[in-house]
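Novice: Below is one structure. I have some questions about it.
The values are calculated or read from the model by the stated rules, or taken from the named source; none is laboratory data. Just so it is clear, the model here is predicted, and its values are computed rather than measured. With ideal geometry, Cβ positions are generated from the backbone for all residues, glycine too; neighbour counts draw on all protein chains shown. Only protein heavy atoms, including side chains, enter the accessible area calculation; ligands, DNA and RNA are left aside. Shrake-Rupley method; radii C 1.70, N 1.55, O 1.52, S 1.80 Å.
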Amino acid sequence: MHHVSVTENDLIAACPFLCGKVILRPMSYPVSRRFFLSATAATLATGAFADAPDGSLRPRLRGEGIAKKAVAGPEVIVANAKLGGQVCYSVADAKTGLRLEGMNPQTNTPPASTAKAITALYALKVLGSAHRFETQVVATGTVTDGIVSGDLVLTGGGDPSLDTNALATLAANVKAAGIREVRGGLVIYDGGFPHVRTIDPDQPAHLGYSPAVSGIALNYNRVHFEWKREGANYAVTMDARSDKYRPDVVMAQMRVEDRTAPVYTYAESGGRDDWTVARGALGTGGARWLPVRNPALYAGDVFRTMLRSQGIDVSAAKVTMARPSGQVVARQFSDELHVLLKDMLKYSTNLTAEMVGLAATVKRGGTPQTLKESASAMNDWVRTDLGAQGIELVDHSGLSEDSRVTADGMVGALVKVYGDNELRPLLKEIALRDAKGRPIKSGPITVHAKTGTLNFVSGLAGYMTAHDGTVMAFSIYAADEDRRAKLTRAQRESPEGARWYNGRAKNMQQELIERWGALYGS
């Protein structure tokens, strides 16, 4: 397992304001990659609602003995939620596809992160569940007595889980292969995928869930920013830390400026990520992960440090779009795809979704230049291979509000693949909750699903199993797009009312699921 390290501040990194101040908890400790992803998901839920936590369905479980005639009607459940905008849902028998109930099932609505369920299917079917992404180190020219006459090329293979520990292992393996000197330079190849500056340009620049995408990624293309007050000034660091290493990063720099707002500004300068932060928002100290806009240089920065620690001195990295030819001197493989997808669906990692989606499109012979082009290829695949209509995504993560699905379209895809039993085991089990918000450990209904949350948008799609074993495929979407459209770009991080909306939508989702379990589960 790869590992990275986070601070407690990462848990609230997408919501850094409280009365104009950054919420600070400066202690730092190492954690596993999966806990880092979990912390990120929690962060987004409390802040920008781009990827909500996958287990916050609310209470009011009715119990097994409820009479069908006493089950609330869907119109009552939806009206009581008082969400505004529109609510769309569809539920079907997972085995037969028989539609059991629906409300606005053909209405287009933003899917948010439930789109990742479609991306997972796409990657599974095209790449295969056992697929592993491979990162290579290639020596060009000749290798004689440990001396590389040409360049040493870190060759990205589309691995979304590559981290600092993995680069350290690669550097050690280069040394173990007998390499001791490089006459050329260090080169980074990231040309396998298009270079996209940010997943969603409408998101505030400093939010880590919308980093750049390219053929190589490191630490989910996030750099760790930490600050600590020292007298009247601040000591700041930018690094690519993990549980084992803390290499400083040169390509991303931070400058503290005397202002109160905006909290962050970003500019690119000669391939470098230049950030500024407002002194008035820093308090005594803290840390957070910021997005990286130049992934190849970021990976090159860290790999150079790791090579030098092995006694292999190389110059600062350069980037190439031309795939290198030469001798492979080291390799690093990701976990199998089904493991990466299970993490993606549990922790809702946008970068993983975009990279596995791009990989599937390329495997099918596509040459996408944008995320939208790759998503379009996936939409075509959904129609032709799954026979599902109403899926019109513009990315693979669901982060963009321009993506659209219908509730019936999502359910159609879920029904089509139910018999394969590939997707359902990867979806997170979401516990229903009692009247006090406590998870019910042995309730009559089990749910395996993917959540999706944007500001004033909430979705849930997956499978539910009733007490008698009946399995249903369902999707539920609520969206107040008029309210969302009124937000400024700066307000998207933590708008007033978004928490309330999300909580009410979760309550409604659970009540609908309870209804279906009571009516169709016997």
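Novice: Give me a count of the residues in the range 289-305 that are open to solvent by 10 Å² or more (accessible area, probe 1.4 Å) and out of contact with any Pro (no Cβ under 6 Å at 6 or more places or on another chain). Even if it seems obvious, please write down each step before you answer.
Specialist: In the first step, residues of the range 289-305 are kept if they are open to solvent by 10 Å² or more (accessible area, probe 1.4 Å); the result is 289, 293-294, 297, 301, 304-305.
In the following step, the residues that additionally are out of contact with any Pro (no Cβ under 6 Å at 6 or more places or on another chain) were identified as 289, 293-294, 297, 301, 304.
Residues meeting the conditions: 6.
Novice: If you check R331 against the conditions, is it modelled with pLDDT of 95 or more, of a type in the set (D, E, K, R) and in contact with a strand residue (DSSP E or B) (Cβ under 9 Å, 6 or more places away or on another chain)? It would help to see each step written out before you state the result.
Specialist: Details: modelled with pLDDT of 95 or more: yes; of a type in the set (D, E, K, R): yes; in contact with a strand residue (DSSP E or B) (Cβ under 9 Å, 6 or more places away or on another chain): yes.
Answer is yes for this residue.
Novice: Step by step: first the residues of the range 264-288, then only those that are of a type in the set (K, R) and either touching a Pro at 6+ places or on another chain (Cβ under 7 Å) or within 18 Å of N219 (Cβ to Cβ) (or both), then the one that is most open to solvent (accessible area, probe 1.4 Å). Which residue is that? Walk me through how you get there before you give the answer.
Specialist: As a first pass, look at the range 264-288 and keep what is of a type in the set (K, R): 272, 279, 288.
If we keep only those that are either touching a Pro at 6+ places or on another chain (Cβ under 7 Å) or within 18 Å of N219 (Cβ to Cβ) (or both) too, we end up with 272, 288.
Details: R272: 78, R288: 8 Å².
Restricting to residues being of a type in the set (K, R) and either touching a Pro at 6+ places or on another chain (Cβ under 7 Å) or within 18 Å of N219 (Cβ to Cβ) (or both), the top hit is R272.
Novice: Inside the range 240-263, can you point out the residues that are surrounded by 19 or more Cβ atoms within 10 Å (Cβ to Cβ) and part of a strand (DSSP E or B)?
Specialist: Residues satisfying the conditions are A252, M254.
Novice: Looking at this structure, is N233 out of contact with any His (no Cβ under 9 Å at 6 or more places or on another chain) and without any contact (Cβ under 8 Å) to a residue 24 or more places away in the chain? Working first, answer last.
Specialist: Values: out of contact with any His (no Cβ under 9 Å at 6 or more places or on another chain): yes; without any contact (Cβ under 8 Å) to a residue 24 or more places away in the chain: yes.
So N233 fits the description; yes.
Novice: From the list A267, A287, A296, A281, pick out the single residue that is under 23 Å from the mean Cα position of the chain (by Cα) and farther than 30 Å from G178 by Cα. Full working, then the answer.
Specialist: Numbers: A267 fails: under 23 Å from the mean Cα position of the chain (by Cα); A296 fails: farther than 30 Å from G178 by Cα; A281 fails: under 23 Å from the mean Cα position of the chain (by Cα).
After ruling out the rest, the residue left standing is A287.
Novice: Still on this structure, I have one more. Confirm whether Y347 is of a type in the set (F, W, Y) and within 20 Å of the chain's Cα centre (by Cα). If you could, list the steps in order and put the result at the bottom.
Specialist: Numbers: of a type in the set (F, W, Y): yes; within 20 Å of the chain's Cα centre (by Cα): yes.
The answer is yes for Y347.
Novice: Could I ask something else about it? Kindly provide the set of residues from the range 432-448 that are crowded, with 17+ Cβ neighbours inside 10 Å and in contact (Cβ under 8 Å) with a residue 24 or more places away in the chain, ordered by number.
Specialist: Within the range 432-448, L432, R433, G443, P444, I445, V447, H448 qualify.
Novice: Out of P194, P211, report the one residue that is open to solvent by 10 Å² or more (accessible area, probe 1.4 Å), within 25 Å of the chain's Cα centre (by Cα) and more than 23 Å from E257 (Cα to Cα). Steps first, please.
Specialist: Values: P211 fails: open to solvent by 10 Å² or more (accessible area, probe 1.4 Å).
From the options P194, P211, the qualifying one is P194.
Novice: Name every residue in the range 385-400 that is within 23 Å of Q86 (Cβ to Cβ), in a loop (DSSP other than H, G, I, E, B) and open to solvent by 10 Å² or more (accessible area, probe 1.4 Å), in order of residue number. So that I can check it myself, show each step before the final result.
Specialist: Residues of the range 385-400 within 23 Å of Q86 (Cβ to Cβ): 388-395, 397-400.
Among the residues that remain, those that are also in a loop (DSSP other than H, G, I, E, B) are: 388-390, 393-395, 397-400.
Correct list: Q389, G390, V394, S400.
Novice: Something else about it: Given the conditions (1) in a loop (DSSP other than H, G, I, E, B); (2) touching a residue at least 40 places away in the same chain (Cβ under 8 Å); (3) open to solvent by 10 Å² or more (accessible area, probe 1.4 Å), report the number of the one that P201 does not fulfil.
Specialist: Going through (1) in a loop (DSSP other than H, G, I, E, B); (2) touching a residue at least 40 places away in the same chain (Cβ under 8 Å); (3) open to solvent by 10 Å² or more (accessible area, probe 1.4 Å) one by one, P201 breaks only (2).
Novice: Right, something else. Within the set of pairs 6+ apart or on separate chains, which have a first residue in the range 387-402 that is touching a residue at least 60 places away in the same chain (Cβ under 8 Å) and farther than 20 Å from R492 by Cβ, a second that is among the charged types (D, E, K, R) and crowded, with 23+ Cβ neighbours inside 10 Å, and C-beta atoms under 7 Å apart?
Specialist: H396/E354
Novice: Quick test of your reading of the structure: A171 fulfils all but one of (1) open to solvent by 10 Å² or more (accessible area, probe 1.4 Å); (2) in a helix (DSSP H, G or I). Name the failing condition by number.
Specialist: Here A171 clears every test but (1).
Novice: When residues of the range 490-522 are filtered for being in a helix (DSSP H, G or I), more than 17 Å from L460 (Cα to Cα) and in contact with a Ser or Thr (Cβ under 8 Å, 6 or more places away or on another chain), how many remain?
Specialist: 1
Novice: Of everything in the range 481-514, what is open to solvent by less than 40 Å² (accessible area, probe 1.4 Å), touching a helix residue (DSSP H, G or I) at 6+ places or on another chain (Cβ under 7 Å) and among the charged types (D, E, K, R)? Give them in sequence order.
Specialist: Passing the criteria: only E511.
Novice: Same structure, new question: Pick out the one residue from K82, K69 that is closer than 24 Å to L487 by Cα and modelled with pLDDT of 50 or more.
Specialist: K82
Novice: It is to be established whether one or more residues within the range 309-327 are under 22 Å from the mean Cα position of the chain (by Cα), open to solvent by 30 Å² or more (accessible area, probe 1.4 Å) and of a type in the set (A, V, I, L, M, F, W, C).
Specialist: Going residue by residue through the range 309-327, those that are under 22 Å from the mean Cα position of the chain (by Cα) are none.
The answer is no, given that none of the residues of the range 309-327 is under 22 Å from the mean Cα position of the chain (by Cα), open to solvent by 30 Å² or more (accessible area, probe 1.4 Å) and of a type in the set (A, V, I, L, M, F, W, C).
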